[in-house]
Amino acid sequence: MTETSISGDLQGKLERFCTALANPDRRVRQRGLQGLLELCQSDEVHTENVTEVFDYIYLHILKCYVDKYESCRAAAASVVSEVLEKLPENEFFLAYIIPAIARRIGQKEQVEESEELRLQLLEQLTGIVVKYSTVNPVFSGNDPLLKSYNDIMDILVKTLTDPYPNILRQSCTLIGELSVATPSFHYRAEVLTNPLLAILKHRHSPIRTAAVEALGIVALHITTNSECVLKIVVELSRHLMDDSVNVRRECGRVGCRLLVELRDRYGMFDRLLPLVFGCLSDENPEVVKEITRLWEKCGQQYYVENEKELMKIAVVDYAPENYLEEWRRPTLGCRSIAQRSFKMLNIILHEMEDWKEDVRLHATLLLAQVILHAEGAILAYLTDIYPVLAKTCMDGDRWVAAEAVRVAKLLGNLVEYDDWKERAMEFLEKWPNLGHLKCFIAMFVGAGSTKWQDMEKISRLLVPLATSLDTNFQSHLLMITEMLVEAQQDHGKNSQEIERNLYEILVTILALNEDNSLHERVTSSLENLAQSSSSSSVNDLHGKHLESVVKSIQDLDSTNSERAEPILHLHGLLFHCGFHIQPFSALQEAVEIVMELGAPEAKIKILCGVSAALLKWRETIHTSLEGRIALLRGFLDTNIIPAIVWKAGFNAESIRAMCTTVVASAAQGAPEESFVIIPDIAEYLIPLLDDDLVVIRKFAIAALVASGPLPFEQLRLLAFGLLARLDDPSGEIRCAAGSALTKLKLKAGSDPALSEAWRKIIKEIFHKIVLHFDDPDERLKAVLVESAKALGREHLKEFQEVFAGIPESYAHTNEVNDLRAAMEKLSLERNA
């Protein structure tokens with residue numbers, strides 16, 4: 001130390017403070033350190049004399065780094081930091097300071113117990129690294145940190161396992177500064193890998209973000225172990241699903257940096273691209289925007305490096321037809337990088353079948369980016385991609401399934417339709433499940449206009465799929481059928497086979513959709529199909545093609561239950577389409593097979609459909625009355641009448657009830673035909689009035705009232721059967737029977753003796769009506785009053801004879817007097 005550099009006053013202070021540092025009393029040492037700190041902060045210590053000052057005190061100060069008391073150690077570190085700020089770029093003291101720091105925080109065991117002091121020493125080391133960086137022109141051609149490199153790396157290895165979060169973050173910061181400060185960083189960069197990978201699991205997202213950035217730096221400086229670099233990249237890829245947007249963004253940044261700066265980047269494209277692609281599909285738009293910008297720079301560099309080859313491609317580089325607006329086409333350089341990295345497809349497809357929903361979603365998003373960048377080149381891997389993508393389209397997680405459909409649409413758009421259609425159709429034909437259907441539809445939607453040339457082939461492919469009972473499957477099948485119907489209108493495809501196939505798909509969906517959720521859509525599509533074809537209405541379509549649909553139903557001759565697909569199919573066709581002239585014989589034959597061979601439940605199901613079809617008889621059967629009578633009579637005689645005859649057992653009773661319902665439906669839907677037919681089958685219906693089942697009695701009455709005039713014997717049995725029903729336990733039956741009395745008519749041309757006998761029965765009916773005025777049911781009383789009026793108009797004489805004999809003391813004089821008055825008025829009108 002020269003006399004000119006330090007004044008006598010300053011030297012005295014330094015000696016006093018240094019003496020205090022050697023004092024065994026903590027308080028004296030602490031005051032000495034505090035005095036030194038204030039001195040170093042003052043103007044007395046400046047750049048011209050700071051070297052001599054530090055030369056005088058450094059041994060005393062560094063000795064305090066191992067002081068027993070934390071306050072003294074912290075004060076000593078503060079003094080050194082203060083001196084270092086003013087100290088010129090002289091690496092002489094590094095050989096003393098850095099080892100002192102390493103002895104405190106760089107040992108295998110934990111020497112420094114204070115978290116705050118460990119952080120302070122690490123920040124001090126970071127300041128040293130920044131100050132003595134080779135970036136500084138003073139050290140041009142020289143590496144001042146080389147001699148201390150091992151100590152610094154030992155410190156980092158230890159501090160990267162520190163439990164204090166701030167120390168972990170500062171350690172990552174130090175790695176970044178050290179990589180810039182010394183060209184020797186790559187010597188032991190590999191040893192930082194495992195500690196940094198452990199930090200990736202830290203619960204604090206800022207720590208994970210810092211660790212990702214540090215790992216990217218370490219990966220760039222590992223020059224001899226590509227397996228270690230691969231290990232880093234694989235671990236970073238797992239954090240593309242991190243909850244923190246900053247962690248995901250940093251993964252993308254690291255990926256882009258490695259794509260630009262990594263020495264062996266061409267050999268690791270397939271591993272690095274997921275880091276970028278994951279961020280390109282991120283839910284945060286800011287991440288997507290930033291990584292897209294960095295990714296385009298990567299592509300630009302690759303283009304420059306391979307300009308000779310890519311310039312030729314650029315000349316004929318046209319976007320696919322109808323490029324989807326929701327996607328932005330990558331640059332040629334970016335696409336070229338991706339097209340030489342298809343090895344990652346195997347990993348992506350494997351992860352798309354993972355048991356975790358977030359992994360499947362992430363993998364599906366990655367696949368979207370691969371397809372977006374690969375475009376037509378992905379065709380070579382379509383056989384591998386399609387089954388996995390189809391399975392993902394029916395994933396249990398709706399977000400995963402929706403993204404898979406979006407990817408399939410992109411795939412259909414970027415690959416030529418003629419190149420993928422055969423494979424997709426083959427897959428759908430072999431595995432006709434929801435996933436393959438959704439995948440095919442999405443690809444078909446994304447395809448160009450050439451797809452409409454295969455309408456006939458596609459419609460033929462879809463026909464067997466329509467027999468599915470799954471509502472979701474039916475909905476998607478209807479979706480593509482609607483597209484084909486619309487295309488038939490727009491493109492004038494009026495092929496009879498296309499029309500028949502589309503019709504069969506639509507009516508099969510209509511028949512098998514049990515909850516009727518698709519009824520409106522199917523009906524609308526049938527109407528559109530009728531408009532685009534030669535048919536004038538949907539009923540015309542039924543007349544033309546329903547027969548082929550009925551004949552296509554398989555296994556009707558088996559003992560099917562009510563839930564069997566053939567039974568549901570036939571029931572749906574009857575229920576929704578009804579009977580038509582051309583397919584009538586096919587429908588009758590199908591019903592006959594079920595009534596002969598089907599289980600009792602299946603018979604009941606089909607009879608429900610028949611009942612609904614007969615209610616629409618007038619709307620669907622258009623021919624002469626004689627023709628309609630012949631059709632209906634033949635159907636009832638073949639399938640219904642045999643089952644009406646009484647048989648023992650609950651199954652027989654249920655079938656009998658449904659057959660009675662069918663006849664009642666025929667009476668309502670085909671009144672003109674029933675007027676002629678019912679008299680011929682009345683002998684089977686009249687005994688049903690006494691059946692034990694209420695519903696049978698109800699519908700038997702409903703069927704019989706539609707009858708025309710009957711012969712005396714049948715009419716007599718019917719009349720007394722109805723009179724007996726006036727005492728039925730069911731109020732509904734009593735009212736129906738009372739109302740039905742007005743429909744009794746004797747067949748014209750009957751023997752006079754039979755006519756006289758009928759008059760006696762009419763009188764008996766009037767007596768019963770008057771007797772039942774005592775019924776407490778007001779509804780029945782009102783019905784009987786109206787029935788008495790109606791019968792009185794046709795049989796006035798018998799009415800007057802019966803009502804004249806009713807005494808004045810009768811309890812229901814008001815009703816009787818009203819009826820008498822009405823009949824007297826009618827008599828006067830007739831006499832006039």
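Of note:
- Within segment 550-570, the set of residues being open to solvent by 20 Å² or more (accessible area, probe 1.4 Å), within 15 Å of GLU504 (Cα to Cα) and assigned to a helix (DSSP H, G or I) comprises LYS551, SER552.
- Just one residue in the set SER525, SER532 is crowded, with 22+ Cβ neighbours inside 10 Å, small (Gly, Ala, Ser) and over 22 Å from ILE641 (Cβ atoms); that residue is SER525.
- Filtered residue count, segment 719-739, keeping only those that are open to solvent by less than 50 Å² (accessible area, probe 1.4 Å) and in a helix (DSSP H, G or I): 13
- Positions within segment 206-235 being surrounded by 22 or more Cβ atoms within 10 Å (Cβ to Cβ) and hydroxyl-bearing (Ser, Thr, Tyr), in sequence order: THR209
- Residues of segment 672-718 that are under 24 Å from GLU732 (Cβ atoms) and of a type in the set (Gly, Ala, Ser): SER674, ALA682, ALA700, ALA702, ALA703, ALA706, SER707.
- Among the candidates GLU177, GLU112, GLU123, residue that is of a type in the set (D, E, K, R), under 60 Å from the mean Cα position of the chain (by Cα) and not in a helix (DSSP H, G or I): GLU112
- At least 2 residues being open to solvent by 50 Å² or more (accessible area, probe 1.4 Å), within 27 Å of SER561 (Cβ to Cβ) and of a type outside the set (A, V, I, L, M) is the threshold, and among the helices (runs of 4 or more DSSP H) wholly inside segment 577-672 those reaching it are 584-597, 600-615, 650-669.
- Residue in segment 806-817 that is closer than 15 Å to GLU764 by Cβ and either open to solvent by 30 Å² or more (accessible area, probe 1.4 Å) or modelled with pLDDT under 70 (or both) present: no
- Single match in GLY106, GLY127 (criterion: of a type in the set (Gly, Ala, Ser) and either on the phi > 0 side of the Ramachandran plot or buried (at least 22 other Cβ atoms within 10 Å of the Cβ) (or both)): GLY106
- Residue within segment 222-236 that is among the acidic types (Asp, Glu), free of Cβ contacts under 8 Å to residues at least 40 places away in the same chain and within 26 Å of LEU367 (Cα to Cα) present: yes
- Residue selected from segment 778-792 under the condition loosely packed, with under 14 Cβ neighbours inside 10 Å and not aliphatic (A, V, I, L, M), by the criterion nearest to SER739 (Cα to Cα): GLU786
- Residue count for segment 743-773, restricted to those that are open to solvent by 30 Å² or more (accessible area, probe 1.4 Å), under 23 Å from LYS698 (Cβ atoms) and in contact with a Ser or Thr (Cβ under 9 Å, 6 or more places away or on another chain): 2
- Residues being out of contact with any strand residue (DSSP E or B) (no Cβ under 9 Å at 6 or more places or on another chain), assigned to a loop (DSSP other than H, G, I, E, B) and surrounded by fewer than 19 Cβ atoms within 10 Å (Cβ to Cβ) - total across segment 704-718: 1
- Scan of segment 193-217 for residues that are in a helix (DSSP H, G or I) and farther than 14 Å from GLU235 by Cα, ordered by number: SER205, PRO206, ILE207, ALA210, ILE217
- Condition met for LYS421 (over 22 Å from the mean Cα position of the chain (by Cα) and modelled with pLDDT of 90 or more): yes
- Every condition in (1) open to solvent by less than 40 Å² (accessible area, probe 1.4 Å); (2) in contact with a helix residue (DSSP H, G or I) (Cβ under 8 Å, 6 or more places away or on another chain) holds for ASP143 except the one numbered (2).
- Residue count for segment 396-440 under the criterion of being touching a His at 6+ places or on another chain (Cβ under 6 Å) and of a type in the set (A, V, I, L, M, F, W, C): the result is 3.
- Filtered residue count, segment 421-459, keeping only those that are out of contact with any helix residue (DSSP H, G or I) (no Cβ under 7 Å at 6 or more places or on another chain) and within 23 Å of GLU403 (Cβ to Cβ): 2
- All of ASP358, ASP384 fail the test of being open to solvent by 60 Å² or more (accessible area, probe 1.4 Å), in a helix (DSSP H, G or I) and within 17 Å of PHE277 (Cα to Cα), apart from ASP358.
- Counted as qualifying within segment 405-501 are the helices (runs of 4 or more DSSP H) with 1 or more residues that are within 24 Å of LEU361 (Cα to Cα) and open to solvent by 10 Å² or more (accessible area, probe 1.4 Å), namely 417-430, 434-446, 471-491.
- The lone exception for LYS308 - which of (1) surrounded by fewer than 19 Cβ atoms within 10 Å (Cβ to Cβ); (2) over 26 Å from the mean Cα position of the chain (by Cα); (3) under 21 Å from MET443 (Cβ atoms) it fails: (3)
- Of all residues making up segment 634-666, the number that are of a type outside the set (Ser, Thr, Tyr) and closer than 15 Å to GLU592 by Cβ: 12
- Inter-residue pairs, beta-carbon under 6 Å, first closer than 16 Å to PHE773 by Cα and in segment 724-753, second part of a loop (DSSP other than H, G, I, E, B), 6+ apart: GLY731/ASP777; ARG734/LEU726; ARG734/ASP728; ALA737/LEU726
- Residue satisfying condition, being out of contact with any strand residue (DSSP E or B) (no Cβ under 7 Å at 6 or more places or on another chain), acidic (Asp, Glu) and without any contact (Cβ under 8 Å) to a residue 24 or more places away in the chain, within set GLU177, GLU109, GLU115, GLU123: GLU109
- Within segment 687-703, considering residues that are open to solvent by less than 20 Å² (accessible area, probe 1.4 Å) and of a type in the set (Val, Ile, Thr), the one farthest from ASP774 (Cα to Cα): ILE696
- Filtering segment 748-758 to residues that are modelled with pLDDT under 85 and not aromatic (Phe, Trp, Tyr) leaves ALA748, GLY749, SER750, ASP751, PRO752, ALA753, LEU754, SER755, GLU756.
- Looking only at residues of segment 507-522 that are open to solvent by less than 50 Å² (accessible area, probe 1.4 Å) and part of a loop (DSSP other than H, G, I, E, B), we find that the one that is nearest to LEU570 (Cα to Cα) is ASN513.
- Pick from segment 236-247, criterion open to solvent by 20 Å² or more (accessible area, probe 1.4 Å) and part of a helix (DSSP H, G or I), ranking: farthest from LEU197 (Cα to Cα): VAL245
The values are calculated or read from the model by the stated rules, or taken from the named source; none is laboratory data. Values in this document were obtained by computation on a predicted structure and should not be read as measured data. Counting neighbours? That spans all protein chains shown, and the Cβs are built from the backbone with ideal geometry, glycine included. To get the accessible areas, we keep the full protein, side chains included, count just its heavy atoms, and leave off ligands, DNA and RNA. Shrake-Rupley method; radii C 1.70, N 1.55, O 1.52, S 1.80 Å.
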